[in-house]
Amino acid sequence: MSGGKQVLLAEPRSFCAGVRRAISIIDLALEQHGAPIYVRKEIVHNHHVVREFQRRGVRFVDSEEEVPEGAVCVFSAHGVSPQVRQNADARGLDVLDATCPLVAKVHQEARRFARDGRTLLLIGHADHEEVEGTYGHAPDRTIIVETVADAEALEDLPPDAPVAYLTQTTLSVDETKDIIAVLQRRFTDLRGPATDDICYASQNRQDGIRAIVDRCDLVLVVGSTNSSNSIRMVEVARRLGSRAELVPDVTHFDPTWLAGVSTVGVSAGASAPEILVDQLLDRLAELGYADISVERVATEDIVFSPPTRLTGAVDVP
C-alpha cells in the first residue's frame, strides 16, 4: 500500500433490495395516483430520501389516523402491527404495503411461535418502528430484550419455560450473539428462527467494514442518525479499534477528522442513497484523497418486486 492519501470504499453499500422496493412503491404510486400520497412514518430511515419525496408531494405522518379517509397510504419498509392495518381498513384507506419481505418473515415467525404457546423474546430496540410492528403481532406473549442485562434479568420465566427468540433485522451479529448466548444458557426449551433474522444487507455492510477497518485510520459511514443499520456499522468499526463517524450527508463531514489520516474507509447504510456517497467522495478528493480502492465482500443480486397492482404484472399461480 502506498503511503499517500487514499480511500478504501466498501462494497456492497447503500440501498438494499427492501429499500429499493419501498422507494419504487412510492414512485409508482405518485405516477398512478398523483400527489398527495401519504406515508405512515418515514418510508426508510434517511433524511435525504424523505426530503426528496416531500418535495414531490408525499406527506409523512406519524399515524394512519392522520391520513384522510379513502386516501392512498403507504406503510413503511419497517412494517406495522395488525392493529395499524385494522385502523387503516376502518378508515377505508387505499393501503400500499412497503414492508420489507425480510421484516414480514419475522412477523410470520412471531405469529407462529405465539400459536405454539411460546413466550417470544424479541431482541431489538424498543423504540424502533420495526420492533413496534413485530411486537404488535403477539403483544400478549412478547418480551423485548435490548441488552445482555435484560436477558439475564428474565426472572419471571423458569428455566424450562417454552420460549423463542427473534431479532430486529438491522442489528449487528456481534450484539445479538451475546444476548442469544445468555438465552441459550438460561432456557432449556428455546427455539429460534429457521434462518438468521439479521438481514443479508445489514450483514454484508458490517462485513464490508470488517474487511477494511484494519487498514484505515478513519472510517466514515454515510447514513442518517435514526438509521439503525448505519449506526451498527459505526459501532462495528469502533469495536474493532478504528475511529469512525456517522455522516448523514457531506455537510456533516468535518475536515478536522482527517488530521493525521492517510487512509479513509467509506461505506453507507442500507437506507442511504449512493448520491450521498458520491458527494462525500468528491469532498474527500478535494482534500487530497482521490486514490480510491474498492473492497468487495459480496455481490447482491436480490430483487424484491413491488406489488403487482402497481406494476401491472400478472401473478402466476
For this session: Select, from Ala151, Ala194, Ala181, the only residue that is in a helix (DSSP H, G or I), surrounded by fewer than 13 Cβ atoms within 10 Å (Cβ to Cβ) and of a type outside the set (Asp, Glu).
Result: Ala181
Seminar exercise, completed: Counting only residues in segment 149-172 that are of a type in the set (A, V, I, L, M) and in contact with a strand residue (DSSP E or B) (Cβ under 8 Å, 6 or more places away or on another chain), the one nearest to Ala272 (Cα to Cα) is identified as Leu171
Exercise. Quick check: is even one residue across segment 53-67 in contact (Cβ under 8 Å) with a residue 24 or more places away in the chain, touching an Asp or Glu at 6+ places or on another chain (Cβ under 8 Å) and not polar (S, T, N, Q)?
Worked result: no
For this session: Select from segment 125-140 the residues that are part of a helix (DSSP H, G or I) and in contact with a Leu (Cβ under 8 Å, 6 or more places away or on another chain) and write down the one among them that is surrounded by the most Cβ atoms within 10 Å (Cβ to Cβ).
Result: Thr134
Problem set entry | segment 56-98, subset charged (D, E, K, R) and part of a helix (DSSP H, G or I), residue surrounded by the most Cβ atoms within 10 Å (Cβ to Cβ) | Glu64
Exercise. Pick from segment 179-217 the residues that are among the acidic types (Asp, Glu) and more than 21 Å from Glu245 (Cβ to Cβ): which of them is modelled with the highest pLDDT?
Worked result: Asp189
Seminar exercise, completed: Checked Ser305, Ser293 against criteria (under 25 Å from Glu235 (Cα atoms), of a type outside the set (A, V, I, L, M) and either surrounded by fewer than 17 Cβ atoms within 10 Å (Cβ to Cβ) or in contact (Cβ under 8 Å) with a residue 12 or more places away in the chain (or both)); the one match is Ser293
Exercise. What tally of residues in segment 197-219 results from selecting those that are more than 20 Å from the chain's Cα centre (by Cα) and not in a strand (DSSP E or B)?
Worked result: 7
Problem set entry | Of residues in segment 72-87 being without any contact (Cβ under 8 Å) to a residue 40 or more places away in the chain and out of contact with any Leu (no Cβ under 6 Å at 6 or more places or on another chain), the one farthest from Pro101 (Cα to Cα) | Asn87
Exercise. Which of the residues belonging to segment 4-32 are touching a residue at least 60 places away in the same chain (Cβ under 8 Å) and assigned to a helix (DSSP H, G or I)?
Worked result: Ala17, Gly18, Val19, Arg20, Arg21, Ala22, Ser24, Ile25, Ile26, Leu28, Ala29, Gln32
For this session: Starting from residues that are under 19 Å from Ser224 (Cβ atoms) and of a type in the set (D, E, K, R), keep the ones in segment 24-55 and report whichever is surrounded by the most Cβ atoms within 10 Å (Cβ to Cβ).
Result: Arg40
Seminar exercise, completed: The residue from Ser271, Ser267, Ser262, Ser305 that alone is polar (S, T, N, Q) and more than 30 Å from Lys105 (Cβ to Cβ) is Ser262
Exercise. Restricting attention to segment 220-254, and to residues there that are in a helix (DSSP H, G or I) and of a type in the set (Ser, Thr, Tyr), which single residue is surrounded by the fewest Cβ atoms within 10 Å (Cβ to Cβ)?
Worked result: Thr251
For this session: Give me a count of the residues in segment 110-124 that are among the acidic types (Asp, Glu) and crowded, with 23+ Cβ neighbours inside 10 Å.
Result: 0
For this session: Only residues in segment 175-200 that are farther than 18 Å from Glu152 by Cβ count as the first member; pair them with residues that are at pLDDT 95 or above and assigned to a helix (DSSP H, G or I), Cβ under 7 angstrom, at least 6 apart or cross-chain, and list the lot.
Result: Arg191/Phe113; Pro193/Glu109; Asp197/Val106; Cys199/Leu102
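The values are calculated or read from the model by the stated rules, or taken from the named source; none is laboratory data. The structure displayed is predicted, hence computed values, not measured ones. As a convention, Cβ positions derive from the backbone with ideal geometry for all residues, glycine included, and neighbour counts pool all protein chains shown.
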